[in-house]
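Since the structure comes first, as structure tokens, the remarks are kept for the end.
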Amino acid sequence: MSVLAFVDTAEGKIKKGSLEALSYASQLAGVLNTRSEALVIGETQEDLTQLGKYGIAKVYHVQNAPSVFDSQLYTKIAADAVSAAGAKVLVFPGTSNGKALAPRLSAKLKAGMVSGVVQLPELNNGFAVKRSVFSGKAFSDVAILTDIKLIVLNPNAWPVSSGEGSAEVIAVQTAHASSALKLLNTSRTSGKVPLTEAEIVVSAGRGMKGPENWGIVEELADVLNAALACSRPVADAHWRPHNEHVGQTGIAIAPNLYIAIGISGAIQHLAGVNRSKTIVVINKDPEAPFFKAADYGIVGDAFEVVPKLTAALKKFKGLS
Amino acid sequence: MKILVCISRTPDTTTKIAFTENNTKFDTSGVQWIINPYDEWYALVRAIELKEADPSVVIHLITVGGQDTEAIIRKALALGGDEAIRVNAESHDSFFIASQIAAVARNGGYDLIFTGKETIDYNGAAVGGMVAELLDWPYINQATRFELKGNTAQITREMEGGAEEYEAPLPLVVSCQKGMAEQRIPNMKGIMSARTKPLKVIEPAAADVLTAVSRFDLPPPKAGVKLVAPDQVDELVRLLHEEAKVI
């Protein structure tokens, strides 16, 4: 038996969520007194022996699989790998591809799956996993009742831990090599940190009064190397693109630091950001509900406070 | 063209979350129920738009739940759709729900199944993928755009740091998120006609239960906000560096 982690890649590069899955799998394997292994599907330019740094003993690399992500095909490939590895626990990153693949594999193997997982399982009485529910407003312990168990991690919920080590890489050829899907186009928001992977997120709302005022928000984000986000009214008014909308019906994020500027903090917005480790709120309304959910706050005019904060951070980072 | 849209009932987005029976059950007292926003705003409305473009499109709605979910199904029918199916069962887990939907879809002659990206209560993002696997259909999740081109579909999905555009054959399962369509409000004609649209109740198919919820917990309360004066931004930088250790 082993713990097998699925390594999600984008254009052959390993995503941050995959490193979380590898780290989780190795920690869990330690507790279960077994080994952790990894599954990589499709071409990659990464040196897969390096996955040993995350505690992985063996990497199954399915080289001839199409690099277009096709959950139907990848499920067949992954099921073969699970049986070859004799894997009993499968760990998936909470990425888009992880969320497409895991439920399919769960249905194929008739194996219980839990998504949004935030901790290692409790093993005293069966196999129970703690997961985030109600859009981060609560947690739930879920027992997996089947022999094979699937875990999908919540993004940014499990720290990446690395050390020394080198993994054995096994090249695998699959018969499932042709996809019914055609990838027509791929676009990357180049040069920027993806919102769901960002350690720091700077977000702004209606308090900015209009899209022409986003310059000071962008400057703050630049100095922090942060991703940009916004509230729903801002995206709905087309001040900012929809892919920056965080909240209950937008993107849910869990960065180390979330800075909210001119956002009142409606419960729907909090549902998308309440897993952030530290929340800073800048708002001129002292009654803004967001202050109740914040760790640090400044009651003040964003147009004065934000440029000052940017300058202070530049000084702190030795940039000026 | 026949589309099956999966509808789930969720607590309103402003619901205060609480639990009963020694933290083993969600406290539904006083809860306002809504159609899961991803199911309504994106999956259902996109299906309705396809029907508006081509009136020969038939839309069926499906939900798994007890009789008390019928108010939500009627509300969905008021937005659009030709008829609804309710599988008369309390849902155990995602696999149970997916098994019910797959059982209906298997003999229903559907070309497309739309679901929301996830429900806003259990956030599992699991049912769409499981249905696709049970039917052995392709599956595209987190779609922000869906266009029919004859017997194929063009779909854009947004993901970490980018977007991908696919061409996929039908039949197909798609999970929908923001961008697919704009939120609508049902009109009076829709509300009136929803009362007489067929709502078929069927009994559940046998399905394995793979998981079981043992308890719920609320996160520990925040310690309270530490306020910094607007002219003391250096102090905020110090706190973020030394206390929170995030910069």
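The values are calculated or read from the model by the stated rules, or taken from the named source; none is laboratory data. What you see is a predicted model; the values in this text were computed from it and never measured. Cβ atoms come from the backbone with ideal geometry, glycine included; neighbour counts cover every protein chain shown. In case anyone asks, the SASA skips ligands and DNA or RNA and just uses the protein heavy atoms, side chains included. Shrake-Rupley method; radii C 1.70, N 1.55, O 1.52, S 1.80 Å.
What number goes with the only condition from (1) facing chain B (nearest Cβ under 7 Å); (2) open to solvent by 50 Å² or more (accessible area, probe 1.4 Å) that A:ILE298 does not pass?
So A:ILE298 meets the others, but not (2).
Which of (1) open to solvent by 60 Å² or more (accessible area, probe 1.4 Å); (2) of a type outside the set (Ser, Thr, Tyr); (3) within 10 Å of chain B (Cβ to nearest Cβ); (4) assigned to a helix (DSSP H, G or I) is the odd one out, the single condition A:ALA311 does not satisfy?
Of the numbered conditions (1) open to solvent by 60 Å² or more (accessible area, probe 1.4 Å); (2) of a type outside the set (Ser, Thr, Tyr); (3) within 10 Å of chain B (Cβ to nearest Cβ); (4) assigned to a helix (DSSP H, G or I), the odd one out for A:ALA311 is (1).
Can you pull out the residues in the stretch B:195-247 that are open to solvent by 40 Å² or more (accessible area, probe 1.4 Å), part of a strand (DSSP E or B) and more than 8 Å from every other protein chain (Cβ to nearest Cβ)?
Listed by number, the residues that qualify are B:LYS200, B:VAL201, B:ILE202.
Output yes when any residue across the stretch A:78-93 is farther than 18 Å from A:SER23 by Cβ, surrounded by fewer than 19 Cβ atoms within 10 Å (Cβ to Cβ) and in contact with a His (Cβ under 9 Å, 6 or more places away or on another chain), and no when none is. Before the answer, list the steps.
Looking only at the stretch A:78-93, we keep the residues that are farther than 18 Å from A:SER23 by Cβ, and these are A:78-86, A:88.
The next check asks that each one be surrounded by fewer than 19 Cβ atoms within 10 Å (Cβ to Cβ); those that pass are A:79-80, A:83-84, A:86, A:88.
When the remaining residues are screened for being in contact with a His (Cβ under 9 Å, 6 or more places away or on another chain), the result is A:80.
Looking through the stretch A:78-93, at least one residue is farther than 18 Å from A:SER23 by Cβ, surrounded by fewer than 19 Cβ atoms within 10 Å (Cβ to Cβ) and in contact with a His (Cβ under 9 Å, 6 or more places away or on another chain).
I'd like to know if the stretch A:116-127 contains one or more residues that are open to solvent by less than 20 Å² (accessible area, probe 1.4 Å), at the interface with chain B (Cβ under 7 Å from one of its Cβ atoms), out of contact with any helix residue (DSSP H, G or I) (no Cβ under 7 Å at 6 or more places or on another chain) and in a strand (DSSP E or B).
Among the residues of the stretch A:116-127, at least one is open to solvent by less than 20 Å² (accessible area, probe 1.4 Å), at the interface with chain B (Cβ under 7 Å from one of its Cβ atoms), out of contact with any helix residue (DSSP H, G or I) (no Cβ under 7 Å at 6 or more places or on another chain) and in a strand (DSSP E or B), which makes the answer yes.
Can you tell me which residue among B:ILE185, B:ILE140 is more than 21 Å from B:GLY81 (Cβ to Cβ) and of a type in the set (A, V, I, L, M, F, W, C)?
Going through B:ILE185, B:ILE140 in turn, the sole match is B:ILE140.
Yes/no per residue for (1) closer than 27 Å to A:VAL117 by Cβ; (2) surrounded by 21 or more Cβ atoms within 10 Å (Cβ to Cβ); (3) within 15 Å of the chain's Cα centre (by Cα); (4) of a type in the set (A, V, I, L, M):
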{"residue": "A:HIS242", "(1), (2), (3), (4)": "no, no, no, no"}
{"residue": "A:ALA252", "(1), (2), (3), (4)": "yes, yes, yes, yes"}
{"residue": "A:ALA260", "(1), (2), (3), (4)": "yes, yes, no, yes"}
{"residue": "A:GLN268", "(1), (2), (3), (4)": "yes, no, no, no"}
{"residue": "A:SER276", "(1), (2), (3), (4)": "yes, yes, yes, no"}
{"residue": "A:ILE279", "(1), (2), (3), (4)": "yes, yes, no, yes"}
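Check off (1) among the polar types (S, T, N, Q); (2) open to solvent by 20 Å² or more (accessible area, probe 1.4 Å); (3) in a loop (DSSP other than H, G, I, E, B); (4) facing chain B (nearest Cβ under 8 Å) for A:GLN248 and give me the number that stays unchecked.
(2)
Residue-wise test of (1) in contact (Cβ under 8 Å) with a residue 40 or more places away in the chain; (2) under 28 Å from A:SER71 (Cβ atoms).
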site: B:PRO138; (1), (2): no, yes
site: B:GLU147; (1), (2): no, yes
site: B:ASN151; (1), (2): no, yes
site: B:GLY162; (1), (2): no, yes
site: B:ALA168; (1), (2): no, yes
site: B:ILE191; (1), (2): yes, no
site: B:ALA194; (1), (2): yes, no
site: B:ASP208; (1), (2): yes, yes
site: B:ARG215; (1), (2): yes, no
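Give the residues of the stretch A:218-272 that are touching a helix residue (DSSP H, G or I) at 6+ places or on another chain (Cβ under 6 Å) and of a type in the set (Asp, Glu), sorted by residue number.
Listed by number, the list holds a single entry, A:GLU219.
Which residue, of B:ALA102, B:ALA78, is assigned to a helix (DSSP H, G or I) and either within 9 Å of chain A (Cβ to nearest Cβ) or touching a Leu at 6+ places or on another chain (Cβ under 6 Å) (or both)?
Working: B:ALA78 fails: either within 9 Å of chain A (Cβ to nearest Cβ) or touching a Leu at 6+ places or on another chain (Cβ under 6 Å) (or both).
When all the criteria are applied, what remains is B:ALA102.
Looking at the stretch B:1-51 only, could you name the residues that are under 18 Å from B:LEU170 (Cβ atoms) and part of a helix (DSSP H, G or I)?
Within the stretch B:1-51, B:ALA43, B:ARG46, B:ALA47, B:GLU49, B:LEU50, B:LYS51 qualify.
Give the stretch A:191-221 a look and list any residue that's modelled with pLDDT under 95 and more than 22 Å from A:ALA157 (Cβ to Cβ), or say none.
Answer for the stretch A:191-221, where residues must be modelled with pLDDT under 95 and more than 22 Å from A:ALA157 (Cβ to Cβ): A:GLY191, A:LYS192.
Please verify whether the stretch B:113-131 includes one or more residues that are over 16 Å from the mean Cα position of the chain (by Cα) and open to solvent by 20 Å² or more (accessible area, probe 1.4 Å). Spell out the reasoning first.
Here is the first cut: in the stretch B:113-131, the residues over 16 Å from the mean Cα position of the chain (by Cα) are none.
There is no residue in the stretch B:113-131 that is over 16 Å from the mean Cα position of the chain (by Cα) and open to solvent by 20 Å² or more (accessible area, probe 1.4 Å).
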